[in-house]
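Engineer: First the structure, then my questions, so here it is.
The values are calculated or read from the model by the stated rules, or taken from the named source; none is laboratory data. The model shown is predicted, which means the values in this text are computed figures rather than measured ones. Cβ sites come from the backbone with ideal geometry, for glycine too, and all protein chains shown count toward neighbours.
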Amino acid sequence: MRLLKSKWFWITAFGLLFLASLDLWAWDWTEPSVFGLPYVIMYILCLEAVLFVLFLLFARYYWTEEGSE
């Protein structure tokens, strides 16, 4: 769990998530997939789930009272 207390781990994790959210690969992609929604909507939902988990882990392991000096 030492990795989860590293500042550089969190910079990298949130940075990679930000880069993954730039959907340049699906800019004009509008074919329907699930429930008539475009594939990019399902992709964004997965990214939001990853962001939720990252925030939970960040708050649990890195954002502590010790660092608020």
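Engineer: For region 1-44, which residues satisfy the criterion of being of a type in the set (F, W, Y) and touching a Pro at 6+ places or on another chain (Cβ under 8 Å)?
Structural biologist: Of everything in region 1-44, just one residue is of a type in the set (F, W, Y) and touching a Pro at 6+ places or on another chain (Cβ under 8 Å), namely W29.
Engineer: May I pose another question? Just the residues that are modelled with pLDDT of 80 or more and charged (D, E, K, R), please, taken from region 5-42.
Structural biologist: Residues satisfying the conditions are K5, K7.
Engineer: Quickly run through region 1-49 and pick out the residues that are outside any helix (DSSP H, G or I) and in contact with a Ser or Thr (Cβ under 7 Å, 6 or more places away or on another chain).
Structural biologist: Kept after step one, since they are outside any helix (DSSP H, G or I), are these residues of region 1-49: 1-2, 6, 22-23, 27-38.
Of everything in region 1-49, just one residue is outside any helix (DSSP H, G or I) and in contact with a Ser or Thr (Cβ under 7 Å, 6 or more places away or on another chain), namely P38.
Engineer: Name the pairs whose Cβ atoms lie under 8 Å apart, with the first residue in region 4-18 and surrounded by 14 or more Cβ atoms within 10 Å (Cβ to Cβ), the second assigned to a loop (DSSP other than H, G, I, E, B) and not aliphatic (A, V, I, L, M), and 6 or more positions between them or separate chains?
Structural biologist: Qualifying pairs under 8 Å: W10/Y62.
Engineer: Quickly run through region 19-40 and pick out the residues that are of a type outside the set (D, E, K, R), within 17 Å of the chain's Cα centre (by Cα) and surrounded by 10 or more Cβ atoms within 10 Å (Cβ to Cβ).
Structural biologist: Scanning region 19-40 gives A20, S21, V40.
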